[in-house]
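I have placed the structure first, in the form of structure tokens, so that the comments after it can refer back to it.
The values are calculated or read from the model by the stated rules, or taken from the named source; none is laboratory data. As the structure is a prediction and not an experimental result, all values here were calculated from the model. No Cβ is skipped: glycine too gets one built from the backbone with ideal geometry, and neighbour counts run over all protein chains shown. All accessible areas refer to the heavy atoms of the entire protein, side chains included, with ligands and DNA or RNA removed. Shrake-Rupley method; radii C 1.70, N 1.55, O 1.52, S 1.80 Å.
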Amino acid sequence: QVQLVESGGGSVQAGDSLRLSCAASGRTFTGSAMGWFRQAPGKEREFVAGISYSGGNTRYADSVKGRFTISRDNAKNTLYLILQMNSLKPEDTAVYYCTASDPDRGMSWNRVSIEVDEYDYWGQGTQVTVSS
């Protein structure tokens with residue numbers, strides 16, 4: 001059974017940092033692009049950051065560029081995804097979701113998608129609240 005489990009969310013002040021982690025297991029993720037999306041109350045789920053399977057390509061939403069960093073560790077049995085969030089702002093408040101594409105899509109190992117429809121596995125989400 002595929003599982004993506006996020007951790008690291010919490011409540012912080014503006015300007016603080018948080019580190020989100022995601023552990024993905026239950027299948028082989030060779031070839032999977034991975035990413036983070038977020039959803040604030042009353043808004044659609046939006047792309048935050050993504051990383052190719054190779055790790056050589058990353059993409060960020062304009063709103064988080066220069067503040068957030070995505071990284072991954074393609075370990076043997078469990079894949080780890082990290083989102084380092086610095087200089088947090090109140091507008092970063094949302095539930096953050098870890099996601100992975102199905103390797104059977106045959107996506108290029110250097111490709112990163114920003115489209116929610118191109119990701120197939122999702123975690124349960126972790127709440128990030130930033131107060132001013």
Can you list residue pairs whose Cβ atoms sit under 9 Å apart, with the first residue in segment 75-94 being within 24 Å of Ala33 (Cα to Cα) and the second being in a helix (DSSP H, G or I)? Count only pairs 6 or more apart in sequence or on different chains.
Met85/Asp92
Being in contact with a Pro (Cβ under 7 Å, 6 or more places away or on another chain) and under 21 Å from Val64 (Cα atoms) is the requirement here; does Ser132 meet it?
yes
Please verify whether segment 69-79 includes one or more residues that are touching a Ser or Thr at 6+ places or on another chain (Cβ under 8 Å), buried (at least 17 other Cβ atoms within 10 Å of the Cβ) and under 21 Å from Ser132 (Cβ atoms).
no
Filter segment 1-12 for residues that are touching a residue at least 40 places away in the same chain (Cβ under 8 Å) and in a loop (DSSP other than H, G, I, E, B); the one that is surrounded by the most Cβ atoms within 10 Å (Cβ to Cβ) is Gly9
Which one is least open to solvent (accessible area, probe 1.4 Å), of the residues in segment 18-58 that are closer than 16 Å to Thr78 by Cβ and aromatic (Phe, Trp, Tyr)?
Phe29
Considering segment 31-56 alone, what residues qualify as being in a loop (DSSP other than H, G, I, E, B), among the hydrophobic types (A, V, I, L, M, F, W, C) and in contact with a Lys or Arg (Cβ under 9 Å, 6 or more places away or on another chain)?
Ala33
Any residue in segment 69-76 that is modelled with pLDDT of 95 or more, in contact with a Phe, Trp or Tyr (Cβ under 9 Å, 6 or more places away or on another chain) and not polar (S, T, N, Q)?
yes
Every residue in segment 117-128 that is surrounded by fewer than 16 Cβ atoms within 10 Å (Cβ to Cβ) and within 19 Å of Ala23 (Cα to Cα), please.
Asp120, Gln124, Gln127
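Within the group Ser108, Ser113, which residue is among the hydroxyl-bearing types (Ser, Thr, Tyr), buried (at least 16 other Cβ atoms within 10 Å of the Cβ), modelled with pLDDT under 95 and out of contact with any helix residue (DSSP H, G or I) (no Cβ under 8 Å at 6 or more places or on another chain)? Can you show your working first?
Numbers: Ser108 fails: buried (at least 16 other Cβ atoms within 10 Å of the Cβ).
Testing whether each residue is among the hydroxyl-bearing types (Ser, Thr, Tyr), buried (at least 16 other Cβ atoms within 10 Å of the Cβ), modelled with pLDDT under 95 and out of contact with any helix residue (DSSP H, G or I) (no Cβ under 8 Å at 6 or more places or on another chain) leaves just Ser113.
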Please verify whether Gly15 is open to solvent by 10 Å² or more (accessible area, probe 1.4 Å), outside any strand (DSSP E or B) and either farther than 12 Å from Thr126 by Cα or in contact with a helix residue (DSSP H, G or I) (Cβ under 8 Å, 6 or more places away or on another chain) (or both), treating the condition exactly as stated.
yes
(1) at pLDDT 90 or above; (2) among the hydroxyl-bearing types (Ser, Thr, Tyr); (3) more than 12 Å from the chain's Cα centre (by Cα) all hold for Ser52 apart from (3)
